[in-house]
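S.K.: I have a structure here, written as structure tokens, and I will follow up with some questions on it.
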Amino acid sequence: MIPCDLYDATALVVDGNPTSRSILVAQLRDLGARSVAQAPRIADARRLLEFRTFDVVVCEQNFPNDHGTGQALLDDLRRAGLLPFATVFIMVTAEASYARVAEAAESALDSYLLKPFTANELATRIAQARHRKAVLKDIFAAVEAQDFERAAQLCRQRFAQRGDYWLYAARVGAELLLRLQRYDEAQQLYEAVVEAKALPWARLGVARAQLDAGQPQKACATLQALLDNDPHYPDAYDVLGRAHIEQGNFDAALAAYKIATDLTPYSISRLQRHGMLAHYCGQRELAEQLLARSAQLGLDSKMFDAQTLVLLGFMHLETGQRKGLQRCLDDALRVLERQPHSRRLQRLAQTLEIANLLQEAQVARVLERLRAMMATILDEDFDFEAACNLATLLAHTAARAIQMEEVEERLTVLGRRFCSTKALTALLAQAAAVHPPYAERLSALHHEVLSLVEQAMRQVLAGQPRAAVLELLAHAEATCNTRIIESAWGTLKRYEARIDDAAELAQRIQALRARYPAWASRAALGDKGGRPPGGVSLRTMEAGAETS
């Protein structure tokens, strides 16, 4: 038996029953814990875990008089990257069926205990979990040092040798490979896990690898097979929604997000994701209901995405609700106060300030602010979210018959940069829906982008691949469009043996790929931070200490 020594450790007990809570506190203190904090409610626990780091968390699964469950809390914390690797999370439950939940849990739960249990059983579970952390310390030391290649290699070695905790190592290794954009290798590792043991997270990992590799149809088929066997796996619906979005199937994506939200009704991130897509699909009433709910649950939470306030503000602008719009602006400014150097939060607050000025008909100030924002369209940190917000502001400005001479030209620059796929074009056009001429113009720009790529590729058919790369590179530098950049890179790699200055051209294209990565041109929908749906948190204890 592995000894459980919690000397000088910190612990948190989350339990709505005061008797159970006091028993657990006493047991942890008997095991040597230096301090043991208590939380009777999910909301209390969330606040503590967002701003403090604990060595051990013991959490009740069921809270009959509270909103949510222990699993929902864990799910949200992992998704937001708010639990460091070194923290041991033990779930306590009276449900024998919880083993099924634990198996599918996105969080790779450290352990769970069935009631009734003894102090020795609690000590054993904590000791086993801490032992796993110690065994895998070299992997997470490499992660902390940003040496992801070595970390992935160590994970694959442990998996191949079937060393202690080989399944967990495989999960971390596959996650690292995804983040290194080695999608084929990640898929192979996930498939090897499935072959050894058909775990839900591994089958979901296969779908994630397919989706990241640009194969959304294959991902949908993999996900549907997974959900046929496990219809209550919310992360699978999250990924399915993303796969549908990339194919432009927004109704199907909304349906997937609805199921995920229904399964976890108190998940802040899922409410936001569902509400944001509903907004872009024109379902304003549903969007307002979901986004307002997420703000009510988590406005002060690190899981809260301030883009929720922007979309709520736009809806208030559209319906003329001055007080509602002002409240969104005030809340956004309070969020910005907590992270005053965040360029994204600054931009979101500026967006709401312009909307508020529009509401108050302060035309000169609106034009001044919009011109400053339009000047940043080709900046590296101006992403698809910023593009949608700017399109909405421009559309509302035009709908109020406010004239701007340069708006047509800037709208074209915006569209040429971000209309890289049919799905993204549809979302961007929907953002400008209050002024149909702008929505139509953005829709047409997708065909312009496709035409630029097709014209360049004719050079390949004519036997001039270098000319094709040069033409694509020129368009890429002019538009900053990721589709054109990736087309230039793909063409160069395919024909580099026939291009004398391939190395020099590769340098230029790689510089563009680094400045304008593909992820910046995706519809993030509430997934701006933390771990992706279906992923595993790689946050370390030291990182937690810095942010708390």
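S.K.: Being closer than 25 Å to residue 55 by Cα and either buried (at least 18 other Cβ atoms within 10 Å of the Cβ) or modelled with pLDDT of 90 or more (or both) is true for just one of 209, 186, 123. Which residue is that?
M.R.: 123
S.K.: Identify, from the list 395, 355, 332, the residue that is small (Gly, Ala, Ser), within 19 Å of residue 523 (Cβ to Cβ), surrounded by 20 or more Cβ atoms within 10 Å (Cβ to Cβ) and touching a helix residue (DSSP H, G or I) at 6+ places or on another chain (Cβ under 8 Å).
M.R.: Values: 355 fails: within 19 Å of residue 523 (Cβ to Cβ); 332 fails: within 19 Å of residue 523 (Cβ to Cβ).
Within the list 395, 355, 332, the selection yields 395.
S.K.: Pull up segment 206-216, narrow it to residues that are of a type in the set (Gly, Ala, Ser) and part of a loop (DSSP other than H, G, I, E, B), then point me to the one that is farthest from residue 129 (Cα to Cα).
M.R.: First, pick out the residues of segment 206-216 that are of a type in the set (Gly, Ala, Ser): 207, 209, 213-214.
The next check asks that each one be part of a loop (DSSP other than H, G, I, E, B); those that pass are 213-214.
Numbers: 213: 34, 214: 37 Å.
Result: 214.
S.K.: Okay, next question. I'm checking my understanding of the structure. Among residues of segment 379-407 that are among the polar types (S, T, N, Q) and out of contact with any Leu (no Cβ under 7 Å at 6 or more places or on another chain), which one is nearest to residue 518 (Cα to Cα)?
M.R.: We begin by selecting, within segment 379-407, every residue among the polar types (S, T, N, Q); these are 389, 392, 397, 403.
Restricting the remaining residues to those that are out of contact with any Leu (no Cβ under 7 Å at 6 or more places or on another chain) gives 389, 392, 403.
Working: 389: 19, 392: 22, 403: 33 Å.
Here the answer is 389.
S.K.: Check off (1) of a type in the set (Gly, Ala, Ser); (2) in a helix (DSSP H, G or I); (3) outside the structural domain of residue 515 (by TED's automatic domain parsing) for residue 468 and give me the number that stays unchecked.
M.R.: (3)
S.K.: Checking residue 231 against (1) surrounded by 24 or more Cβ atoms within 10 Å (Cβ to Cβ); (2) under 22 Å from residue 72 (Cβ atoms), only one condition comes out false. Which one?
M.R.: Status for residue 231: all satisfied but (1).
S.K.: Moving on to the next point. Output yes when any residue across segment 80-91 is under 25 Å from the mean Cα position of the chain (by Cα), among the hydrophobic types (A, V, I, L, M, F, W, C), within 19 Å of residue 269 (Cα to Cα) and assigned to a helix (DSSP H, G or I), and no when none is.
M.R.: No, because not a single residue in segment 80-91 is under 25 Å from the mean Cα position of the chain (by Cα), among the hydrophobic types (A, V, I, L, M, F, W, C), within 19 Å of residue 269 (Cα to Cα) and assigned to a helix (DSSP H, G or I).
S.K.: Looking only at residues that are outside any helix (DSSP H, G or I) and under 18 Å from residue 141 (Cβ atoms) in segment 160-205, which one is nearest to the chain's Cα centre (by Cα)? First the steps, then the outcome.
M.R.: Start the filter on segment 160-205 by keeping residues that are outside any helix (DSSP H, G or I), which leaves 162-165, 180-182, 197-199.
Adding the requirement that they be under 18 Å from residue 141 (Cβ atoms) leaves 163-165, 180.
Details: 163: 31, 164: 30, 165: 27, 180: 16 Å.
Across segment 160-205, the extreme among qualifying residues is 180.
S.K.: While we're looking at this one, here's another question. Out of all the residues in segment 158-175, is one or more surrounded by 24 or more Cβ atoms within 10 Å (Cβ to Cβ), in contact (Cβ under 8 Å) with a residue 40 or more places away in the chain and farther than 30 Å from residue 255 by Cβ?
M.R.: Scanning segment 158-175, I find at least one residue that is surrounded by 24 or more Cβ atoms within 10 Å (Cβ to Cβ), in contact (Cβ under 8 Å) with a residue 40 or more places away in the chain and farther than 30 Å from residue 255 by Cβ, so the answer is yes.
S.K.: What's the total number of residues in segment 451-469 that are in contact with a helix residue (DSSP H, G or I) (Cβ under 6 Å, 6 or more places away or on another chain) and basic (Lys, Arg)?
M.R.: Residues in segment 451-469 being in contact with a helix residue (DSSP H, G or I) (Cβ under 6 Å, 6 or more places away or on another chain) and basic (Lys, Arg): 0 in total.
S.K.: Residue 372 passes all but one of (1) modelled with pLDDT of 95 or more; (2) in contact with a helix residue (DSSP H, G or I) (Cβ under 7 Å, 6 or more places away or on another chain); which number fails?
M.R.: Residue 372 satisfies every listed condition except (2).
The values are calculated or read from the model by the stated rules, or taken from the named source; none is laboratory data. Just so we're clear, the structure is a prediction, and the values are computed from it rather than from any experiment. Backbone-built Cβ (ideal geometry, glycine too); neighbour counts: all protein chains shown.
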